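Peer 1: One structure, pasted below without further comment.
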Amino acid sequence: MTAEPRTSIARLHERRQSPAWLFFRRFLAHPLRLASVLESSPALSRLVAEQLPSGPGDFVIELGAGTGPVTRALLAAGVAPERLIAVEIDPEMAAFLRRRVPGVTVLACDALALERALPAEARGRVGAVICGLPISLLPAAQRAELVGKMLSLLPPGRPFLAYTHRLTSPLQAAELGLAGERRAFTLLNLPPASVWAYRPLP
Ligand SMILES: C[S@@+](CC[C@H](N)C(=O)[O-])C[C@H]1O[C@@H](n2cnc3c(N)ncnc32)[C@H](O)[C@@H]1O
């Protein structure tokens, strides 16, 4: 007789902790900022991690880390937690992420204000930037600003990565002075998704 209410409470608690439920709730609060009802699948997250262009001593910056599927894939691919910096504007998701990936530096801030929040030891030592926020939905001026900021963190000529549900490039690369290349595509994500790499045009 008493088992039933306890089970229901346990289930409710479990659901409140679940990344999928948190992601969906935050999507309802900020649909354009999340631009998806589901976090990235393990398959897409692995594809992103496989494209990582950095060396072992470099810092890796993930923008728009959300509930952390890509963060976890990066760790599984061998990125050391102390070299990984996850940036997430939503304080609730950032707090969740800190619990989900202990050891990773989680910055609860706007990606556009990252230079102020970036830890001193990472300055000049960033080897990879992954853009997980829906960059194609940003106003054009903010999009260009973010591209400039991502490139300024990287060694000259090094591409940044972006993943997208769009069938085509999420950035008008030539207009932004970039060369874009689709590096990977997967049907194992809802919706299917691609990983792109962008480097400045010579
Ligand atoms: C499409 S979701 C991707 C989340 C996660 N990386 C994944 O793959 O499931 C975009 C994420 O970017 C975050 N975001 C949007 N705008 C941002 C900004 N200006 N600065 C930092 N994070 C931002 C959102 O809160 C959301 O968590």
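Peer 1: Report, in debye and to the nearest 20, how large the dipole of the stretch 3-200 comes out about its Cα centre when Lys and Arg carry +1 and Asp and Glu carry -1 on their Cβ. Don't skip to the answer; put the middle values down first.
Peer 2: Details: 23 positive and 16 negative charges, 59 e Å.
Charge dipole of the stretch 3-200: 280 debye, to the nearest 20.
Peer 1: Might you report the magnitude of the Cβ-based charge dipole of the stretch 62-112 about its Cα centre, with Lys and Arg at +1 and Asp and Glu at -1, to the nearest 20 debye? Intermediate results must be reported in sequence, preceding the final value.
Peer 2: Working: 5 positive and 6 negative charges, 53 e Å.
So the magnitude is around 260 debye.
Peer 1: I would also like to ask the following. Could you work out the relative contact order of the chain? I mean the mean sequence separation of Cα pairs under 8 Å and 6+ apart, divided by the number of residues, in percent. Please list the in-between numbers first.
Peer 2: Working: 333 pairs, mean separation 38.3, N = 202.
Over the chain, the number comes to 19 percent.
Peer 1: I would also like to ask the following. DSSP beta bridges in the chain, what fraction antiparallel, as a percent rounded to 5? Intermediate values should be presented prior to the final figure.
Peer 2: Working: 13 of 27 bridges.
So the antiparallel bridges in the chain amount to around 50 percent.
Peer 1: Moving on. What size of dipole, in debye to the nearest 20, comes out for the stretch 115-195 about its Cα centre when the only charges are +1 on Lys and Arg C-beta atoms and -1 on Asp and Glu C-beta atoms?
Peer 2: Details: 9 positive and 5 negative charges, 22 e Å.
The dipole of the stretch 115-195 has a size of about 100 debye.
Peer 1: Sort Thr67, Thr105, Thr168 by Cβ crowding within 10 Å, fewest neighbours at the top. Before the final figure, lay out each step's value.
Peer 2: On the way: Thr67 23, Thr105 20, Thr168 12.
Ordered by Cβ neighbours within 10 Å, fewest first: Thr168, Thr105, Thr67.
Peer 1: Rounded to whole Å, give me the distance from the Cα center of the stretch 158-195 to that of the stretch 24-47.
Peer 2: What the calculation gives is 16 Å, centre to centre.
Peer 1: May I pose another question? Kirkwood Rh and Cα-based Rg: tell me the resulting Rg over Rh for the stretch 3-200, rounded to two decimals. Kindly include the intermediate steps, with their values, before the conclusion.
Peer 2: Numbers: Rg = 16.8 Å, Rh = 17.2 Å.
Using Cα coordinates only, the ratio equals 0.98.
Peer 1: With axes computed from alpha carbons, what is the tilt in degrees of helix 91-100 against the longest principal axis of the chain, rounded to the nearest 10 within 0 to 90?
Peer 2: 80
Peer 1: Could you list Cys109, Cys131 in order of exposure, starting from the residue whose Cβ has the fewest other Cβ atoms within 10 Å?
Peer 2: Going from sparsest to densest Cβ surroundings: Cys109, Cys131.
A short reminder: the numbers here are calculations on the coordinates, not readings from a lab. As the structure is a computational prediction, the values presented were derived from the model and not from experiment. Here Cβ is always computed from backbone atoms with ideal geometry, including for glycine, and neighbour counts include all displayed protein chains.
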